[in-house]
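The structure under discussion appears below in the form of C-alpha cells.
The values are calculated or read from the model by the stated rules, or taken from the named source; none is laboratory data. Keep in mind it's a predicted model, so treat the numbers as computed, not measured. Here the Cβ positions follow ideal geometry from the backbone for every residue, glycine too, while neighbour counts run over all protein chains shown. With ligands, DNA and RNA removed, areas are computed over all heavy atoms of the protein, side chains included. Shrake-Rupley method; radii C 1.70, N 1.55, O 1.52, S 1.80 Å.
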Amino acid sequence: MNPLHSASHTGNHEVVVTRVSDTQWHAVEDDRVVGSGDASRRPDGRLFISVDAWHGAVFDHIADAMLADLPAPLHTVVDEADHDSRSAWERAGFTTVRREWGHLVPTDPRVTRLGSVRLPSGVTIVPAGEAEEDPLRALDRVVRDEVEAAAGWRTMPAEVLPRPAGTTLVDPSRYVVARHFDQYVGLVRVTPLPRRPRIGLIAVRADSHRRGIARALLAHVLGSLHRSGTASAWAEVDESNAAATALFEGIGARRAGSTLELVRR
C-alpha cells in the first residue's frame with residue numbers, strides 16, 4: 001500500500017499516512033505514531049470513519065488519505081459540544097445530517113411515575129437473560145425490518161457493537177422481552193456500562209403499538225436498576241423520533257448532550 005506523504009505539523013519532520021489494514025490508517029512522524037484512522041461498516045451498510053489525532057494538521061492528513069482510499073458516502077459521529085472535531089470534519093467536506101439527544105433517565109419510580117404501571121392484558125415480562133434465543137432473534141429481525149420500512153434504521157442510535165456478519169443480536173442476555181401470550185412482541189436492550197447502564201434499543205412490533213408495552217418494559221428495567229442501587233441510565237433518541245422523545249421525557253428523562261452524524265457524499 002502506498003503511503004500518503006504530507007508536510008509535518010511541526011515543520012521539523014514529514015508526516016506519512018499509511019493504510020496498514022483494510023480498516024486502519026496510521027500517521028507516523030519521526031518513527032512515532034501521531035494519529036490513526038479507522039473505518040467500520042454498520043449492519044445497514046453505511047460506512048463510518050473516525051480519526052484520532054492531537055493536531056489539526058495530522059487529522060487533515062489522515063482524513064485526506066481515508067477519503068482517497070474509501071468510496072463515498074462516508075459517515076462519522078461527533079459530540080456536538082466538541083467544536084474542534086466538528087470543524088475538522090467540516091474541513092474535510094462533511095455536513096450534518098441528523099442529531100441524537102442523549103438523555104439521563106431516572107430510575108426512581110417516584111420520579112418516573114412508572115411504579116403503578118400495569119401490564120397490558122395478556123402481556124408478561126421476560127427478565128434479562130431468560131428469553132428464548134430463537135424467538136428473540138426472530139423478534140429482533142421483525143422490528144428492524146419495520147424500522148427500516150418506516151423511519152429507516154439510520155434514525156436509530158449510532159451504536160456499533162462487534163458482531164458476526166449477518167446478525168444484529170449479539171448478546172441475548174442483555175434483552176428484556178415483552179411476551180403477549182406465546183409471542184414475543186417487544187424488547188429493550190440494556191448494556192451494563194461502568195459509568196451508568198445504557199438503554200441501547202427499545203422497540204415494539206407494529207401490530208402491538210399503542211398498548212403501553214414500551215412503558216411496561218421501561219417500568220421493569222428502570223425498577224430493577226433502582227432496586228440494585230443505580231440512580232440513572234442513559235439513552236439516545238433521534239431528534240426526529242417524536243414518539244420516543246415523548247416516552248422518555250414523559251418519565252422525567254432530561255437532555256444531557258447531543259451527538260451529530262455527518263456525511264460526505
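What number results when the radius of gyration of the chain, computed over Cα atoms, is divided by 2.2 N^0.38 Å?
Compared with the compact-globule rule of thumb, the chain sits at 1.17.
I need to check one value: relative contact order of the chain, counting alpha carbon pairs closer than 8 Å and at least 6 residues apart, in percent.
25
Treating only the Cβ atoms of Lys and Arg (+1) and Asp and Glu (-1) as charged, compute the dipole magnitude of the chain about its Cα centre; round to the nearest 20 debye.
The dipole of the chain has a size of about 1320 debye.
Calculate what fraction, in whole %, of the accessible area of the chain sits on carbon and sulfur atoms when a 1.4 Å probe is rolled over the protein chains.
Of the solvent-accessible surface of the chain, carbon and sulfur hold 49 percent.
Under a plain spin-label model, where a point goes 7 Å from the Cα along Cα-to-Cβ, how far apart in nm are ARG255 and SER40?
2.7
Out of all Cα-Cα pairs in the range 206-265, roughly what percent, to the nearest whole number, are more than 20 Å apart?
39
Quick check on the range 47-103: take the gyration tensor over C-alpha atoms, sort the square-rooted eigenvalues as a ≥ b ≥ c, and tell me if it's rounded (a/c under 1.5), prolate or oblate.
Working: a/c = 2.16, a/b = 1.30, b/c = 1.66.
Cα axes put the range 47-103 in the oblate bin.
Could you calculate, for the range 1-125, the ratio of the Cα radius of gyration to the Kirkwood radius, expressed as Rg to Rh?
1.22
Would you work out the Kirkwood radius for the range 22-81? I mean one over the mean of 1/r across all pairs of different Cα atoms, in Å.
About 12.2 Å for the range 22-81.
For the chain, what is the mean residue ellipticity at 222 nm derived from helices alone (per DSSP H run of n ≥ 4: -39500 (n - 2.57); sum divided by total residues; nearest 500 deg cm²/dmol)? Write down the numbers at each step before the final one.
Details: 6 runs with 67 residues, N = 265.
Only helices count here, giving -7500 deg cm²/dmol.
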